[in-house]
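The values are calculated or read from the model by the stated rules, or taken from the named source; none is laboratory data. Predicted model, so just to flag it, every value in this text is computed and none were measured. Here Cβ is always computed from backbone atoms with ideal geometry, including for glycine, and neighbour counts include all displayed protein chains.
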Amino acid sequence: MLTHKAKRRKLSPSPQIAQKAEQSNESKLNNYSKIARNEPSSMDGLARRKNIDRSAELALASGVYKSNLFKLQLDELLTESRPNYGKHVSKLQDILHKLKEVIEQIPERPPKPAIEAEKEIRNTHGIVVPYPEPLPGKDTKYTVSYNKPTNVNVVGSFVLRTGVRASEPYTVDLAVTMPNTVFQEKDYVNHRFFHKRAYYIACLASGIKEAGDINFDIKFAQQDGDSLRPLILLNPTDSTKSGSQSVRYQIRIFTAIEDKLFPIGRTLPMKNNVRQGSPDQSESCAPTPFYNAALRSEATVAPFHKLLYSTAQMCDSFRDACILGRIWLRQRGFGSSFQQGGFGGFEWTILMALLFEGGGFNGKPILLKSYSSYQLFKATIQFLAGKNLLNPLLLFASDIPSPTGTPTLYDGKRGLNILYKMSPWSYSLLRYEADIALRMLNESRDDNFDKVFIYKVNEPMLRFDRLITLPVSESGTILRTIRNHNVIYEVLKKALGDRAELIFLFSNGAEPWSVGKKFSHKSTSATIQIGLNLHPENAMRVVDHGPFAEQKDEAAAFRSFWGEKAELRRFRDGTIRESLVWSDQLPSPSIVYQLLVYILHRHFNYAEDEISYIGDEFDEKLRNSEDGIPLYSSPAFQLVTDAFNSLERSFQSLEEVPLTVRQLALASPLGRYSALRVQSSGLIRDPVDIVLQFESSSRWPDDLVAIQMTKVAFLIKIGDSLVSSGAASSCKVGLENESSRTLNNAFLDISHTSGVIFRMRIHHDREQLLLERQLKEKETSLRAKQEAAYNLSAYKRLFIQSPRLTQAIRTLCTRFPSLSPTIRLVKHWFACHLFTGYVNEEVIELVVAKVFTQPYPWDTPSSVMVGFLRTLHFLARWDWQQDPLIVDLGGELNQDTLEAIHTRFSGWRRIDPAMNTVALFVASDIDPDGVTWTQHEMPPKVVAARMSMLAKGAVKLVQANGLALDVSDLFQTSLAPYDFIVKLRTEHLHDRSTSLLKYKNLNGLDSQGQTANLKVVGPFVRDLQACFGPNVLFFHGDENCDMLAGVWNPQTAKPKSWSLKLTYSSSPSTGGPTKKDDEVTINRDAIFNEISRLGSGLVDSIEVFGTK
Amino acid sequence: MGKDLEIAGYTVLPLQLPPAESKRVKPATHYLYLRPHEPRIPDADTPRSLFVVNVPIDTTELHLRHLFGTQLAAGRVERVDFEDVPTKKKGGMATAHSMTTNVSRSKKRKRVTADDLQNQLDDVALPSTWDGELQKSGAHAVVVFVDKPSMEASLKAAKKAGRKKEGEIVWGQGIEDRLPQLGLQRYLNHEQARYPPRAELLRTVNDFMTVFEAVAEARRKEQALRTQEPDEDGFITVTSGPKLTSVAHEDEARELIEKQKQKSKGLEDFYRFQSREKRKERQNELLKKFDEDKKKLQEMKRRKGKIRPE
């Protein structure tokens, strides 16, 4: 298929191939207008490309891209993202020409000492020269001056057409090449170059300001957040034109110097150019890589532009690949400035251009010009993810020493490390993101297009496990900022060790400032934010082991780092080591927090109240509202597992039961670490559901009712036998599903000797066969068929899916330590918003499991906070009307299963387009049916919509508040949308029900107050729902919730003519003669009366909102 | 209101509901709608029956007996048939019934004894766990009186009561202690009744199994008898053993297909035209998929708008 493509290329040569980038010494303005002229022909080529033979397109689609749909989406994205250059050019051409003229006419200024020159320009033009710190003093000997620029060029993404359409104004870069006459030989040392440059910029600004006919708002800004290099930012002020329709843009004017002005050798990464003492001192001082590179990058403006231009000419898809790269970076918050990570669209473009020439094994190029844009993008991502640039990569050069710990990709031809603005942390984040992106692109099952390009990934709350904000006294110079950041990073890295997998520091760059003012750094960058990704298990380690006592030097270093926190301890294995002991006893805060507060105080003298920190609140929320069980490995869950194992053993030795046991399986949230509440007063509070299956036998009756009866007999028998063998302290058979004779009718409550109560049901697979046969039988009545279908789904849920899901979630919980607490926190969220009766626990578990097993575009959550917030994020985005939720539980979700699930989903939507029985569709690799937990209005459409709405609201709240978020806001539900609230009398319900139960002398199984409460409120709500069915929706939370919220079906609000089909209590309309005689209205007062009588002793009051 | 309260041919009978314990619940009036019963297929009881619509959710037979017998003092109620809601119970019986028809193919010739036994079997049920059933809001019931005059008198009395000031009659007044309890106690009782005594359960199961076996035995006999009995034309249908069910047939067919597939394996690319055809097919397949994907994209664009990074 590649050959096919090559052929096509020969047939339709790129229309711009003839153009050569030889105009380096003439003004690029001409160049860009030339391109503008070429516009129609390139459009022509595009059209031709679209018309090519379909089979060729097909071949292209199936081979070179990930999948057809991916390719189509990619094309669409590219078309959408290309700025409308024709419009831009026509609008900007005149302005740029005018600007150029203005700049060329600025009068020369003779050399003067820096301070004097500054005074002059301030007095005559009202412009403060943006000298970078350290400001030139009185004793500076060198002079500053202005001469006509050698060159004024438009450079960057505008000319190269590699830019992306975005919400922010489009930036056009204008490079002014300063003449060599302004500088002296040794100007590269001690900021001399930058002072002269700042003066030059100020002169340009004054010239533009004086030229009256240009309507611009002139400001100074920092080039890529670099305080050494201020630039001029022009924003159009003409309000008449800048309506919504016009092109929004801004012009940046910065300087360049000629390539040969300063020798490359002076600005190599390991050279020192900022000297404390006399300028002639030896070069033994510490290297100043950032300073050098900032200086050098002034000289590389033209060469890089040339490189990019020729690359774009050589490779058709280069521009598109640049767009893709820019989008990918922007969605992850990367930008060119140091504060944004130092790797933006420009760096991406350069990197790709360089990879066309080398970078691979044996210096071979990584990218080929025959690649498609997608291939270029992927290969570049692959390069970023795979190549560790902390080991310097030198292109076209050798033996260039470079500093350790920072990434280096040294371009020998241009003499610049293109990653010079990257810090160790931003580089590790970039690689981390590239690695995720690569995994997404390599996944064959899902196309992940949205996740690579569309999703906004840089919301810190969704990205990091813990966030810290520190106030910093900003120094105002980039060099010092870098140093400060580095120190903090190093300390945190050392202190956290393997507790943290990723540490990322970020801050805001300086805002543009008015040319008439001094740059004030007080307002800018007052804080630095730190994001941590934790290792879920290491993060909670109580004791840190330091060096052994015998290792004197290491021990001393350890002590000096940790101060009085370090203790010498003798451990159980006899070794004596330096160590740190943290407290994990409540109510002390989390260990990570203790550690951070301690170390930040010790090394940077931060007081605890200066540090704002978020992340632990979610764990605390869980702990406070529940039983303080953070992890799946907590003893309470362990108790259940142990009791189950022991019960399983006793079943194997069960003798008095005539059939042999095939399998005993857990089928309860308690058994899969996902129950919200586990214990109350030391006991496992709810019965643990288990399912027993016998070896098949022909002695079972062939009749559904008789099977239920036989089960009762078996249960009694098993109970007797368990009690007599001593495995259980007592057993009793309970009844359920009284209304049907064919649903499972009975269960056995086993009080195990460990205190755990198991609720056992017998699984008999013949039932399924009989039910299915009934469904197929022709003479069965419709109602009987419905009944059979209902029973069959109940059977599958109870006996097949529940044990399977339990097994799957159990496995996942041990694989992902934060899964269990996240599930439970999300369950708490659902309960707080009164969804308990409408959303099955299993649905919640599946949704959270999806966030963990298919975490893209992020990595697997490693804390409760991100797990929880990403679950909400998912719920907010999930368009459940159109998309099924497909969860990969066991890693066995393949293309066939996916297809089958999609078919079923569209089938359901076809037979039930109004979504009256199935609103949410939740399938997994172990349950392709997809409706097991959501059929029969679990939840109804209205409730599902409310769920989406609440999740959207929560995500919005998180994004708006950021670190200032009060976590409990997420769990507070508004009662405004409900029509009435039934307040329950819970306080004395507990005591009363307990005393009543005691009085009735039940065997102590359920003498727990809360449990009884649950057992009373649950059936009460079910009764209400059965009685008032489709006309009132009752919302309620879990047992801690003391109210029911009700909503009338809006259809009941209007008076209706009397008919037998009214399913609510009504009263004759009393509207008078205008009303028709036979109309009735809903009798709400009577219904309230019925509710409160049905719940007498339970209902405290009924509060009715509004008068609809 | 002086005139008859009537709506769509129904007499309206206002009832005062007993006051609720809870706070902020206003006293409420409930309305019953009454009419002589007129079913599509009348039976012997129809003339003395009254059709009552919109019964309160806690209605029991006792409530209605008390209402017509004591509160309106007009007629004695023989029994009450509540609305035939498609409850699981009814459905369950139907299922049980259809199950038995599977066993005996022809219903016509069933012996009376087998049906009797079947009915007996349906009556054997596990003990109930609720004190009283609830009615759905707005449900109806048929009240059968001892005779027609009682029914007519009751209707008259209801009309009269409706004409009076509202709220004369209080629902269930005077029989409070004989009604099943509502509220907390109802649920506590249920909680207790869910675990019936072991002996009762065992007895139910044994009863059931005895009758069940009797039914099975009776059906077997019927079956045996039928194989020997000549039909109207004097023929005896000869049957040999149990027939294969349709499920088994399907399985067999599937196996056959599988076998054939196995046989032709490895021969797909034998002829050139085969591989050519295959290639063509694959290409068509790809084209089709491409079109599908295009449609999908259109659909996506329609739903979510333009494809643009957030």
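Looking at this structure, is B:Glu213 more than 8 Å from chain A (Cβ to nearest Cβ), part of a helix (DSSP H, G or I), of a type in the set (Asp, Glu) and closer than 15 Å to B:Gln118 by Cα?
On the way: more than 8 Å from chain A (Cβ to nearest Cβ): yes; part of a helix (DSSP H, G or I): yes; of a type in the set (Asp, Glu): yes; closer than 15 Å to B:Gln118 by Cα: yes.
Yes; evaluated as a whole, the condition is true for this residue.
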Can you find a residue in region A:504-519 that is surrounded by 15 or more Cβ atoms within 10 Å (Cβ to Cβ) and farther than 30 Å from A:Asp224 by Cβ?
no
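Condition first: surrounded by 16 or more Cβ atoms within 10 Å (Cβ to Cβ) and under 16 Å from A:Ile1087 (Cβ atoms). Now tell me which residues in region A:1031-1052 satisfy that. Talk me through it step by step, then tell me what you get.
Going through region A:1031-1052, the residues surrounded by 16 or more Cβ atoms within 10 Å (Cβ to Cβ) turn out to be A:1031-1049, A:1052.
Of everything in region A:1031-1052, those that are surrounded by 16 or more Cβ atoms within 10 Å (Cβ to Cβ) and under 16 Å from A:Ile1087 (Cβ atoms) turn out to be A:Asn1031, A:Val1032, A:Leu1033, A:Phe1034, A:Leu1044, A:Ala1045, A:Gly1046, A:Val1047, A:Trp1048, A:Asn1049, A:Thr1052.
Looking only at strands (runs of 3 or more DSSP E) that fall completely inside region A:722-784, which ones have 2 or more residues that are facing chain B (nearest Cβ under 10 Å) and either under 46 Å from the mean Cα position of the chain (by Cα) or under 21 Å from A:Pro687 (Cβ atoms) (or both)? Spell out how you get there, then give the answer.
On the way: elements: A:728-735, A:746-752, A:757-763.
The strands (runs of 3 or more DSSP E) meeting that bar are A:728-735, A:746-752.
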Looking at A:Gly1046, is it at the interface with another protein chain (Cβ under 10 Å from one of its Cβ atoms) and either of a type in the set (Val, Ile, Thr) or not in a loop (DSSP other than H, G, I, E, B) (or both)?
no
Of the conditions (1) modelled with pLDDT of 90 or more; (2) over 29 Å from A:Ser520 (Cα atoms); (3) of a type in the set (Lys, Arg), A:Lys241 fails just one. Which one is it?
(1)
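Is it the case that B:Val215 is in contact (Cβ under 8 Å) with a residue 12 or more places away in the chain, more than 30 Å from A:Val982 (Cβ to Cβ) and not assigned by the TED database to the domain that holds B:Gln118?
Details: in contact (Cβ under 8 Å) with a residue 12 or more places away in the chain: yes; more than 30 Å from A:Val982 (Cβ to Cβ): yes; not assigned by the TED database to the domain that holds B:Gln118: yes.
Yes: the conditions hold for B:Val215.
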One residue is enough: does region A:353-371 have a residue meeting the conditions at pLDDT 90 or above, touching a Lys or Arg at 6+ places or on another chain (Cβ under 8 Å) and within 27 Å of B:Glu310 (Cα to Cα)?
no
Please specify each residue of region B:28-58 satisfying the condition of being crowded, with 16+ Cβ neighbours inside 10 Å, away from every other protein chain (no Cβ under 14 Å) and among the small types (Gly, Ala, Ser).
B:Ser49
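Report those strands (runs of 3 or more DSSP E) wholly inside region A:393-487 carrying at least 1 residues which are farther than 26 Å from A:Ile614 by Cβ.
Values: elements: A:393-395, A:409-411, A:466-471.
Fully inside region A:393-487 and qualifying: A:393-395, A:409-411.
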A:Arg662 fails exactly one of (1) part of a loop (DSSP other than H, G, I, E, B); (2) away from chain B (no Cβ under 14 Å), namely (1)
Does any residue in region B:33-48 that is among the acidic types (Asp, Glu) come within less than 6 Å, Cβ to Cβ, of a residue that is surrounded by 11 or more Cβ atoms within 10 Å (Cβ to Cβ) and outside any loop (DSSP other than H, G, I, E, B) six or more places away or on a different chain, and which pairs are these?
B:Asp45/B:Val144
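Could you please find all residues in region A:470-514 being among the charged types (D, E, K, R) and at pLDDT 90 or above?
Filtering region A:470-514 for residues among the charged types (D, E, K, R) gives A:474, A:480, A:483, A:490, A:493-494, A:498-499, A:501, A:511.
Result: A:Glu490, A:Lys493, A:Lys494, A:Asp498, A:Arg499, A:Glu501.
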Would you point out the residue of region A:209-231, among those that are surrounded by fewer than 19 Cβ atoms within 10 Å (Cβ to Cβ) and acidic (Asp, Glu), that is nearest to A:Phe343 (Cα to Cα)?
A:Asp217
Can you tell me which residue is farthest from the other protein chains (Cβ to nearest Cβ) among those in region A:1093-1105 that are in contact with an Asp or Glu (Cβ under 9 Å, 6 or more places away or on another chain) and over 10 Å from B:Leu182 (Cα atoms)?
A:Phe1105
Among the residues of region A:654-674, are any closer than 19 Å to A:Leu889 by Cβ, of a type in the set (S, T, N, Q), in contact (Cβ under 8 Å) with a residue 40 or more places away in the chain and assigned by the TED database to the domain that holds A:Ile718?
yes
Being part of a helix (DSSP H, G or I), farther than 23 Å from A:Tyr1064 by Cβ, within 13 Å of chain A (Cβ to nearest Cβ) and at pLDDT 85 or above narrows B:Arg186, B:Arg203 down to just B:Arg203
Cβ-Cβ under 8 Å, sequence separation 6+ or interchain: first residue in region A:197-225 and without any contact (Cβ under 8 Å) to a residue 60 or more places away in the chain, partner among the small types (Gly, Ala, Ser). Which pairs?
none
Criterion (closer than 30 Å to A:Gly962 by Cα, small (Gly, Ala, Ser), touching an Asp or Glu at 6+ places or on another chain (Cβ under 8 Å) and buried (at least 18 other Cβ atoms within 10 Å of the Cβ)) met by exactly one of A:Ala385, A:Ala434:
A:Ala385
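Go through A:Thr469, A:Thr477 for me and flag whichever is among the hydroxyl-bearing types (Ser, Thr, Tyr) and farther than 26 Å from A:Gln250 by Cα. I'd like the intermediate steps shown before the answer.
Numbers: A:Thr477 fails: farther than 26 Å from A:Gln250 by Cα.
Exactly one residue qualifies, and that residue is A:Thr469.
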Please determine whether any residue of region B:93-110 is hydrophobic (A, V, I, L, M, F, W, C), modelled with pLDDT of 80 or more and either in a strand (DSSP E or B) or more than 30 Å from B:Leu184 (Cα to Cα) (or both).
no
Subset of region A:576-599 (residues that are at pLDDT 90 or above and in a loop (DSSP other than H, G, I, E, B)):
A:Trp582
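Quick check: anything in region A:692-709 among the β-branched types (Val, Ile, Thr), within 27 Å of A:Gln774 (Cα to Cα), surrounded by fewer than 23 Cβ atoms within 10 Å (Cβ to Cβ) and within 10 Å of chain B (Cβ to nearest Cβ)? Show your work before the answer.
Going residue by residue through region A:692-709, those that are among the β-branched types (Val, Ile, Thr) are A:705, A:707.
The next check asks that each one be within 27 Å of A:Gln774 (Cα to Cα); those that pass are A:705, A:707.
Filter once more, keeping what is surrounded by fewer than 23 Cβ atoms within 10 Å (Cβ to Cβ): A:707.
If we keep only those that are within 10 Å of chain B (Cβ to nearest Cβ) as well, we get none.
No - not one qualifying residue is present in region A:692-709.
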Taking region A:871-887 and keeping only residues that are in contact (Cβ under 8 Å) with a residue 60 or more places away in the chain and surrounded by 22 or more Cβ atoms within 10 Å (Cβ to Cβ), one is left with A:Leu872, A:His873, A:Leu875
Within region A:510-572, strands (runs of 3 or more DSSP E) holding 1 or more residues that are in the same structural domain as A:Gln594 (by the TED database), closer than 24 Å to A:Pro460 by Cβ and among the aliphatic types (A, V, I, L, M):
A:527-534
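Let me confirm something: among A:Ala286, A:Ala312, which residue is part of a helix (DSSP H, G or I) and not assigned by the TED database to the domain that holds A:Val189? Even if it seems obvious, please write down each step before you answer.
On the way: A:Ala286 fails: part of a helix (DSSP H, G or I).
The match here is A:Ala312.
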Of the residues B:Gln283, B:Gln274, which single one is more than 10 Å from chain A (Cβ to nearest Cβ) and either surrounded by 11 or more Cβ atoms within 10 Å (Cβ to Cβ) or part of a helix (DSSP H, G or I) (or both)?
B:Gln274
Going through region A:837-869 in order, the residues found to be touching a strand residue (DSSP E or B) at 6+ places or on another chain (Cβ under 8 Å) and part of a helix (DSSP H, G or I) are A:Val843, A:Leu846, A:Val847, A:Ala849, A:Lys850, A:Thr853, A:Met865
